[in-house]
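Take a look at the structure set out below.
The values are calculated or read from the model by the stated rules, or taken from the named source; none is laboratory data. A quick note: this is a predicted structure, and the numbers were derived from the prediction, not measured. Every residue, glycine as well, gets a Cβ built from its backbone with ideal geometry; the counts of neighbours run over all protein chains shown.
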């Protein structure tokens, strides 16, 4: 155990040097009140710039220090000490997972960033194949574990979590603090609907175990709670038998009504695909490039004659899980399901991959983009949840008028069932049973012009402005709000519960300052 004292810079430098830590001199005035902390891990000051960056690459807020915890006790000790300093201290604490936030949500200006991946080792995971007395299988995973590593660990037992995000190189605590959505959500619900228990460090520095039966208010509050009520340090995640293979299918539509009606029919059917997503292709040139890379055409001759004619096209993406010795059964099931759809017949493409390869598909694209220097660029993403009743009006305006051409990134559009989302969590979604996730996943590799941040943000603003003025009834996911008034409007009737939980579990507003919901030392708030 390393004893870290920040009473004075010289002593701190000496002690940290003995612990083998390279650093520059911190702001003594800010950190000195922390006093001596006994840590299994360590505080560092050489990686502040890294902790001030995220995937969005549009916001950089330097912390005073980065905590690399060696245990949950380290996280609790740091938060508890900041809480004890009271509301006069400017210190805040932000949990940083894999840094995939979009606008500084995992940053803490002048505060402490907790590097949660320090607590993410596979040695800290425990897979239970049966909980006994009819309890389904589960995995206990650290909050700082990447989902890809959780998958690797559970696959050793022939098991896997039920619900996913499209990108697995995110931490468990990070996605559970938001929702965790992908093409399985129509059937299994988001990741926040597939958690049995959590361990959380509250804004008072208390370590609390919570579940639907124990400390349930904190349990449901923290799920989708944007880190406002506590830092998730462990989660018990429901598992199911893992398939070995996946039939991965893509087809195209030119008619939006047929595209959405087929999607809605698929997510409502008893017998259906295992994963259903869609995306929009806006390309006025008539040239289609990478929508089917590595996919084989069902009919190569027919496929070679397909011309997009510069239309807006809609791609439906589906999978069917199977084991190799049951491939014939899978083929029959897929044939029946496809026969009910109204896609352009010449655009049926498919490929067979392992379950692991499919779930980790985005990482393959990441590696290619990194090699081209196109990964660590600004990502001005916009993620919306649109009610089924207004999705056609939304599409006519956005895909017909606002977006004139490719959006420098994928545009996702697929429906989910509200009944699969636990309404006791903090996640805010539209009221209708079927609503659509629409994600404009833009990259901005250029300083000016079509590929710039300014251009992408301008388009995002036009889309949001249309939704507000037309009464579309949308809710933003991974919302970039910067004022409490915007957050109040976002939560609506649920704001009172959200604010009450903040008072209860983080009364000094220490946690997750980058969400810009509750300013430090301003509670209680006036409405």
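At a glance:
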| quantity | calculated |
| --- | --- |
| Cβ-Cβ under 7 Å pairs, at least 6 apart or on other chains, the range 319-336 side modelled with pLDDT under 95, far side surrounded by 13 or more Cβ atoms within 10 Å (Cβ to Cβ) | none |
| Breaking point among (1) touching a strand residue (DSSP E or B) at 6+ places or on another chain (Cβ under 7 Å); (2) crowded, with 20+ Cβ neighbours inside 10 Å; (3) not in a loop (DSSP other than H, G, I, E, B), for residue 221 | (1) |
| Test set (1) without any contact (Cβ under 8 Å) to a residue 40 or more places away in the chain; (2) in a strand (DSSP E or B) - residue 163 fails condition number | (2) |
| Residue among 273, 259 that alone is modelled with pLDDT of 95 or more, outside the structural domain of residue 163 (by TED's automatic domain parsing) and part of a helix (DSSP H, G or I) | 259 |
| Criterion: in contact with a helix residue (DSSP H, G or I) (Cβ under 7 Å, 6 or more places away or on another chain), assigned by TED's automatic domain parsing to the domain that holds residue 207 and modelled with pLDDT of 90 or more - qualifying residue of 278, 221 | 221 |
| Some residue of the range 119-142 being under 18 Å from residue 512 (Cα atoms), within 18 Å of the chain's Cα centre (by Cα) and buried (at least 19 other Cβ atoms within 10 Å of the Cβ) | no |
| Within the range 347-451, strands (runs of 3 or more DSSP E) holding 3 or more residues that are over 22 Å from the mean Cα position of the chain (by Cα), in the same structural domain as residue 278 (by TED's automatic domain parsing) and surrounded by fewer than 19 Cβ atoms within 10 Å (Cβ to Cβ) | 349-354 |
| The one condition in (1) surrounded by 20 or more Cβ atoms within 10 Å (Cβ to Cβ); (2) out of contact with any strand residue (DSSP E or B) (no Cβ under 8 Å at 6 or more places or on another chain) that residue 60 fails to fulfil | (1) |
| Residue identified as crowded, with 23+ Cβ neighbours inside 10 Å, assigned to a loop (DSSP other than H, G, I, E, B) and not assigned by TED's automatic domain parsing to the domain that holds residue 232 among 74, 54 | 54 |
| Total residues in the range 323-341, condition in a helix (DSSP H, G or I), touching a helix residue (DSSP H, G or I) at 6+ places or on another chain (Cβ under 8 Å) and surrounded by fewer than 13 Cβ atoms within 10 Å (Cβ to Cβ) | 0 |
| Among (1) under 19 Å from the mean Cα position of the chain (by Cα); (2) touching a residue at least 60 places away in the same chain (Cβ under 8 Å); (3) more than 24 Å from residue 381 (Cα to Cα), the one test that residue 149 misses | (2) |
| Failed item, numbered, when residue 172 is tested on (1) touching a helix residue (DSSP H, G or I) at 6+ places or on another chain (Cβ under 9 Å); (2) surrounded by 22 or more Cβ atoms within 10 Å (Cβ to Cβ); (3) more than 22 Å from residue 226 (Cα to Cα) | (3) |
| Qualifying residue in the range 4-15 (condition: modelled with pLDDT of 60 or more, assigned to a helix (DSSP H, G or I) and not assigned by TED's automatic domain parsing to the domain that holds residue 373) | no |
| Among (1) assigned to a loop (DSSP other than H, G, I, E, B); (2) touching a helix residue (DSSP H, G or I) at 6+ places or on another chain (Cβ under 8 Å) - the single one residue 87 does not satisfy | (2) |
| Among the candidates 461, 465, residue that is under 23 Å from the mean Cα position of the chain (by Cα), surrounded by fewer than 18 Cβ atoms within 10 Å (Cβ to Cβ), modelled with pLDDT of 95 or more and in the same structural domain as residue 282 (by TED's automatic domain parsing) | 461 |
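Here's the yes/no breakdown for (1) within 19 Å of residue 417 (Cα to Cα); (2) in contact (Cβ under 8 Å) with a residue 40 or more places away in the chain:
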position	(1), (2)
195	yes, yes
209	no, no
213	no, no
219	no, no
227	no, yes
234	no, yes
246	no, yes
249	no, yes
258	yes, yes
